[in-house]
Amino acid sequence: MMTTETGATADPVHLGDSASSIMDKVQEITLEIPQKQLTVEDLRRMREPVKRLVEAGRVLAVQEDQDGRRSARITLQDGELYLHPFLRQPTPADAHALQESEVVGVLEPSCTLAFLDLGWGGSTRGRVTIRLTPDTPLARQFVLLCTGQRGHTYRNTKLLWVLGKGKPDEYMVGGDYESNDGKGGAPLLPDLQGQYRRSGRAGAVLCCDDLGGPRSAQFIITTRDLQDGRQWSHVFGDVVSGLDVVRAAVNHSDITEVTVVDCGVVLPL
C-alpha cells in the first residue's frame, strides 16, 4: 500500500496480474459501458470479453417497426454463432443490441445452415441442422421463417403428418406457421420458381405444395432413401445432422405432439 503526499492511501497494485489479463479486464470494462455499440465485427473477432457476453445471453439482434421492438437471441455453441427467431419479448437492461440490418446483412446469399429443435413429452429431443441450397427462393423463404424476420416463424409449430410410414418413401410434413393444423402455410415470397435439385436420399428437404400454392411454406423431410431410381423434386436442402431426431419424431405415437421448440440459422461470420 502506498501513501501519497496528502496522507491518503491508494488502491493496491496486484503485481501478479499479467499484462494480457489486465488488457482483458480493460476491454471487459469498456464493453460494459452503455454507450459502447457492439458490432458484427466484434462477433467475428470473438475476443474473450465478447464471448462471455454472448455466453451470458447479453447479445441480441433487434428489429424496430411501427408495432415496437422485437429481438432475437444470438448464442454460441460448439464454436458456431446461432441467430434465433425475432420475438416480442423483454430486452434485458444490460443487453448489447445489434441492429437487424447489420446481422441480417450477412445472411444472404451465403446463409446455408438452418436448424429446427424438435421436442415432445415436455422436453427438447434434439437439433436438426439443414444445409440449404443457396440462391433459391424456397431456401430464402425457409431462412425467413427460421429467423422470423417478417413476423412469422416456424417456432412453436407442430409437425403435421407422417406419410408412407415404414415404407421406402416415408416422410414427415411440418411448417404450418399460420393455423398449425395443416391448412395454412402461405408463401412469404411472391415467386418461388427457381432451379431446384432432385434427390432420392433420406434427409432431403423439399416443398410440400406446388410452388406458390397456398401451403408452399410447409416443408417435407424425407426419412428413407427412395428405391428404383425415383427422386423427389423441388429439393432445397438436406439434413446434415439430426436425421435420427427426425426419425424418432416420425416413430412417436402421435406426430402432432412433436413441436418445433426453437429454430434459427447459423450466422456465416
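The values are calculated or read from the model by the stated rules, or taken from the named source; none is laboratory data. Because the structure is predicted, anything quoted here is derived from the model rather than measured. Every residue, glycine among them, receives a Cβ derived from its backbone with ideal geometry; neighbour counts consider all protein chains shown. Areas reflect the complete protein model, heavy atoms only, side chains present, ligands, DNA and RNA absent. Shrake-Rupley method; radii C 1.70, N 1.55, O 1.52, S 1.80 Å.
Below are the figures for this structure:
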quantity	calculated
Segment 150-182, subset modelled with pLDDT of 95 or more and more than 22 Å from residue 252 (Cβ to Cβ), residue most open to solvent (accessible area, probe 1.4 Å)	178
Matching option when the condition is of a type outside the set (Val, Ile, Thr) and touching a strand residue (DSSP E or B) at 6+ places or on another chain (Cβ under 6 Å), among 185, 203, 194, 213	203
Pick from segment 106-136, criterion outside any strand (DSSP E or B) and without any contact (Cβ under 8 Å) to a residue 60 or more places away in the chain, ranking: nearest to the chain's Cα centre (by Cα)	108
Test result for residue 154, touching a residue at least 60 places away in the same chain (Cβ under 8 Å) and under 22 Å from residue 245 (Cβ atoms)	yes
Search result, residues across segment 203-246 that are touching a helix residue (DSSP H, G or I) at 6+ places or on another chain (Cβ under 7 Å) and of a type in the set (Ser, Thr, Tyr)	223
Qualifying strands (runs of 3 or more DSSP E) (wholly inside segment 188-239; at least 2 residues being more than 19 Å from residue 146 (Cα to Cα))	197-199
Which listed residue, of 240, 258, 205, is open to solvent by 10 Å² or more (accessible area, probe 1.4 Å) and within 26 Å of residue 81 (Cα to Cα)	240
Matching entry among 99, 63 (being at pLDDT below 95, open to solvent by less than 60 Å² (accessible area, probe 1.4 Å) and either more than 25 Å from residue 238 (Cα to Cα) or of a type in the set (Phe, Trp, Tyr) (or both))	63
Filter result (open to solvent by less than 70 Å² (accessible area, probe 1.4 Å) and either assigned to a helix (DSSP H, G or I) or closer than 13 Å to residue 54 by Cβ (or both)) within segment 80-91	81, 82, 83, 84
Residue that is under 23 Å from residue 108 (Cα atoms) and of a type in the set (A, V, I, L, M), where the choices are 53, 76	76
